[in-house]
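Asker: My structure is below; once you've seen it, I'll send some questions.
No value in this document is a laboratory result; all are computed from the given coordinates. Bear in mind the structure is a predicted one, so any value in this text is a computation, not a measurement. Note that we place each Cβ from the backbone using ideal geometry, even for glycine, and neighbour counts take in every protein chain shown.
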Amino acid sequence: ILFNYLSNASALEEWFADKVNIREGDYIFVWDGSEQRAHIVSKKDNHSIRYKWVDDDASDESYFQFEIVQDEITGDIALIVTDFAYADEKEQTSRLWESQVHELKHHIGS
């Protein structure tokens, strides 16, 4: 269930963006009427997915990734979010992801 919320356009709309469309293989994320395009650069079903922003100004490091990790002993599941951020944006980006993950947890019932 969790991986679906990280990789499916309609599920991403429930917690990540106002609207998500797929055009020419790229994901179009819409927030407050503003669009940002990303494409999947790597995907391991039920484990991880990495999106790279498609933007003329974006560096090669401009991506975000979700990784699902299960503890071998307890069976607990952890979601690791990796996102590119400039040093002066790190705190703001961390707060944004905390809010987004909180919304995700609400939708999956955890």
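Asker: Which members of the range 83-110 meet the condition of being part of a loop (DSSP other than H, G, I, E, B) and either more than 25 Å from S42 (Cα to Cα) or touching a Ser or Thr at 6+ places or on another chain (Cβ under 8 Å) (or both)?
Answerer: F84, A85, G109, S110
Asker: I need a count of the residues in the range 1-12 that are closer than 12 Å to Q100 by Cα and more than 11 Å from the chain's Cα centre (by Cα).
Answerer: Count: 0.
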